[in-house]
Every structure is written in C-alpha cells, then in structure tokens.
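Structure record follows, encoded as structure tokens.
The values are calculated or read from the model by the stated rules, or taken from the named source; none is laboratory data. Every value quoted in this text rests on a predicted model; they were computed, and no experiment measured them. With ideal geometry, Cβ positions are generated from the backbone for all residues, glycine too; neighbour counts draw on all protein chains shown. Protein only, heavy atoms only, side chains kept; ligands, DNA and RNA dropped before computing areas. Shrake-Rupley method; radii C 1.70, N 1.55, O 1.52, S 1.80 Å.
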Amino acid sequence: MQADAFPYLRNPFDKAVCGLTPLLMAPLRGTLEPPPLGGYRFVAASLGLYAEARSETVEARLLKAEASLPYGDVREGIRLVNGPIPAELLAFALAQSRYNNPDEWAGLIVWNGNSTRYELVRPELVSASGCHVSYRDTLPDGCGLVVDLHSHARLNAFFSPEDDQSDSNGIYIAGVIGRCGPGESQALIFRMVIHGQFFPVKLVCRSGRFWFVPARDCQSVTAMSVLADAQ
C-alpha cells in the first residue's frame, strides 16, 4: 500500500509512518493481499481493529481493539508456516529449564531451512542468575525464529517489564517457563510478539505436536497437562 493513497498526509513524517504501518479497510467484496515479510499493518474490519504480521516462520492476524465498523469480515489466527512443532522440543526445553535451576535458562525454537526441520538451539549466553537471563539475538545461518523461550527459575510464569523491553522488535511467539524448582509443577505462558505489541495466545498440544491459537487473556498452564495432551 502506498502512503500517497492518503493525499491529506502532507508531512513527510506522517507519510513515512503510514508507509511503515499502514491501516487498511477489510473489503466487503474481495480479499487482502498478505502483509509484507517482516512488517506489520492494521486492518479495520467489522468487529474491530486487527494487527497483521508475517515473517518467514509465523503469520498472524490478531484483534487489537473491539469495535463495530462498516467493513468486511476477517478471521483471527496464527499460522506456523512450516506446520506444528514436535512436542519433544518443548519437553526438552522444560527439562533444561529445570536442570539449570536455580538459574534462569533460555532456548530458541527455530526453523532450520538447511535441515528443513524445527530445532531447539541455545542462544549465546551473556549472563544468568536466579532472577535474570541475558542472551544474544543472533541465530544460526539458515534459521528463522519461531518461539523465544526463557525460564523464571522458581518464580511463576509471567511476562516482566524486562521481558517487554526484550520483546520490542520482531515477529515470533514468546514463552516463559515458571516454577522450575524440585518437585514443582512447571508452568507455561505464551504471547504473540509483533514488533513490541503483545497478544495473548493459547498453546495447543495434540498427537505429539503443538501450535498456538488466539486467546483473550494470558493464562499460564501446567507443563504436566501440556505434555499429557501431546501424547
């Protein structure tokens, strides 16, 4: 979409903002072209305002604000471009977060285009303790980020202000693993990240695979129930 589609925008700054994050009307007749790779946009539809984004590994359209508008209908959804993720990767992440307790742990679920499979990789660690973990954002060659995971050691699963700052850029799923102490039932919580905007999502596990669907609020789930559903 060209910013010049709005001739009332005469200031170059406004034109630039509109070009980077355009607002589109959902057509009453016809369909929208997909958003550009790596970018995002807003779509005004019959039930409200939606954020749309697309990376090489994740596509999402999620409701940002409810409203009744005279536009077309759209459907919320999250699509993992390469299909559901093997549940064994999540099980391994849970085991690693417990093994590294009392320090926090971090791991990235990526799509490796070279081997054409999902993999769990350990990012380059900067520092870790019982109340923080810091790591570099670089990925192995040929890999695209799908899920950015870290643990909160013995604390519960929640997104902290530091997590909000860390998730200020990119298009991916972010997750936190909590209650990793001995004998504790680990907890999980997830959200969709669209360049600093956050949308709660629900983890779905079936037949040894998992994926994500939109949710109305962020609620943690127990790892025990997740792995049971994955069987």
Here, GluC sites (Glu not before Pro) of segment 21-72 satisfying both criteria (DSSP loop; at most 16 other Cβ within 10 Å) are GLU56
Taking protein heavy atoms only, a 1.4 Å probe, and rounding to whole percent, the accessible area of the chain owed to carbon and sulfur comes out at 53
Among [x] -0.21, -0.44; [y] -0.27, -0.56; [z] -0.25, -0.50, the entry matching log10 I(q)/I(0) by the Debye sum over Cα atoms at q = 0.07, 0.10 Å⁻¹ as calculated here is [z]
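Sort VAL17, VAL74 from largest to smallest accessible area, using a 1.4 Å probe on the heavy atoms of the protein chains.
Numbers: VAL17 65, VAL74 35 Å².
Largest to smallest exposure gives the sequence VAL17, VAL74.
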Computed ³J(HN,Hα) along segment 152-168: with the Karplus parameters 6.51/-1.76/1.60, θ = phi - 60°, integer Hz and x for glycine or proline, the list is 10, 6, 8, 6, 6, 8, 7, 9, 8, x, 5, 5, 4, 5, 5, 9, 7
Ranking LEU145, TYR135, VAL43 by how far each Cα lies towards the positive end of the charge dipole of segment 1-145 (+1 on Lys and Arg Cβ, -1 on Asp and Glu Cβ), the top one is VAL43
Scalar couplings 3J(HN,Hα) for segment 89-104 by Karplus 6.51 cos²θ - 1.76 cosθ + 1.60 (θ = phi - 60°), nearest whole Hz, x for Gly and Pro, are 5, 5, 4, 5, 4, 5, 5, 5, 5, 6, 5, 7, 4, x, 8, 6
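In segment 67-105, what trypsin sites (Lys or Arg not before Pro) fall in a loop by DSSP, with at most 14 other Cβ atoms inside 10 Å? Walk me through the intermediate numbers first.
Details: sites: ARG75, ARG79, ARG98; in loops: ARG75.
Filter output for segment 67-105: ARG75.
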Under 14 Å by backbone N from the virtual spin label 7 Å along Cα-to-Cβ at LEU139, the residues of segment 70-104 are 80-83
FRET efficiency for MET25 and HIS195 from the Cβ-Cβ distance with R0 = 30 Å, rounded to 0.05, comes out at 0.90
The alpha-carbon center of segment 100-115 and that of segment 165-202 are separated, in whole Å, by 13
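What number comes out for accessible area per residue over segment 19-131 if the probe is 1.4 Å? Units Å², please. Walk me through the numbers on the way to the answer.
On the way: 5980 Å² over 113 residues.
The answer is 53 Å² per residue.
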